[in-house]
Amino acid sequence: MSNVPANLKYTKDHEWLSIEGDIATVGITDYAQESLGDLVFVELPKVGAKFEGGKDMVIVESCKAASDVYAPVAGEVVEINDNVVNTPDTINTDPYANGWLVKLKISPADVANLLDAEAYKKLLD
């Protein structure tokens, strides 16, 4: 069973968000990294890039496949995690802490439609 921290929000596309005020830290879930396998490449957007919710934001590649990571909500990139560009396997070993991808400035009201941990666990079952 995948690790699903209770304090995070989730999407049906297996992204997680940690929200502090109007900043959302975004990454892919433990389930997503397990499904992809060993990650070998990450392409992050530039700081200042703006995304609509549901649009392609990040590309992650494993030995198996390339996969898009979608913006879970609309927002502007305020920080990127260069560490995962240099060592993509950080996402495999620590998806919820050091393996985050981007920080977005968001409208906190936009997170109302996201899944809580219990709803995400049901989606995985």
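The values are calculated or read from the model by the stated rules, or taken from the named source; none is laboratory data. Owing to the predicted nature of the structure, the values given are computational and were not obtained by experimental measurement. No Cβ is skipped: glycine too gets one built from the backbone with ideal geometry, and neighbour counts run over all protein chains shown.
Do we have Val111 as in a loop (DSSP other than H, G, I, E, B), under 15 Å from Leu8 (Cβ atoms) and of a type in the set (A, V, I, L, M, F, W, C) here?
In short, no.
For Lys55, the requirement of being in contact with a Ser or Thr (Cβ under 6 Å, 6 or more places away or on another chain), modelled with pLDDT of 95 or more and over 22 Å from Ser2 (Cβ atoms) is not met. Against the test of being touching a strand residue (DSSP E or B) at 6+ places or on another chain (Cβ under 7 Å) and closer than 13 Å to Thr25 by Cα, the options Val42, Val85, Val77 yield a single qualifying residue, Val77. All of (1) assigned to a strand (DSSP E or B); (2) over 13 Å from the mean Cα position of the chain (by Cα); (3) of a type in the set (Val, Ile, Thr); (4) surrounded by fewer than 15 Cβ atoms within 10 Å (Cβ to Cβ) hold for Ile59 with one exception: (2).
Could you tell me whether the stretch 55-74 includes any residue that is in contact with a strand residue (DSSP E or B) (Cβ under 7 Å, 6 or more places away or on another chain) and touching a residue at least 60 places away in the same chain (Cβ under 8 Å)? Yes: one or more hits.
Every test in (1) in a loop (DSSP other than H, G, I, E, B); (2) within 14 Å of the chain's Cα centre (by Cα); (3) of a type outside the set (Lys, Arg) is passed by Tyr31 save one, and that test is (1).
Being of a type in the set (Val, Ile, Thr) and part of a loop (DSSP other than H, G, I, E, B) is the filter here; which residues of the stretch 62-100 pass it? First the steps, then the outcome.
Initial filter on the stretch 62-100 (of a type in the set (Val, Ile, Thr)): 69, 73, 77-78, 80, 84-85, 87, 90-91, 93.
Passing the criteria: Val73, Thr87.
Applying the selection to the stretch 34-44, what residues are out of contact with any Leu (no Cβ under 9 Å at 6 or more places or on another chain) and either among the hydrophobic types (A, V, I, L, M, F, W, C) or outside any strand (DSSP E or B) (or both)?
Quick first cut of the stretch 34-44, residues out of contact with any Leu (no Cβ under 9 Å at 6 or more places or on another chain) only: 34-41, 43.
Scanning the stretch 34-44 gives Glu34, Ser35, Leu36, Gly37, Asp38, Leu39, Val40, Phe41.
If you go through the stretch 37-69 and keep only what is aromatic (Phe, Trp, Tyr) and closer than 13 Å to Glu15 by Cβ, you end up with just Phe51.
Residues of the stretch 5-28 being outside any strand (DSSP E or B) and within 20 Å of Gly54 (Cβ to Cβ), which ones?
First, pick out the residues of the stretch 5-28 that are outside any strand (DSSP E or B): 5-8, 11-14, 21-22.
Those that are outside any strand (DSSP E or B) and within 20 Å of Gly54 (Cβ to Cβ): Leu8, Thr11, Lys12, Asp13, His14, Asp22.
Report whether or not Val47 is assigned to a loop (DSSP other than H, G, I, E, B), within 14 Å of Ser18 (Cα to Cα) and at pLDDT 95 or above. Answer is no for this residue.
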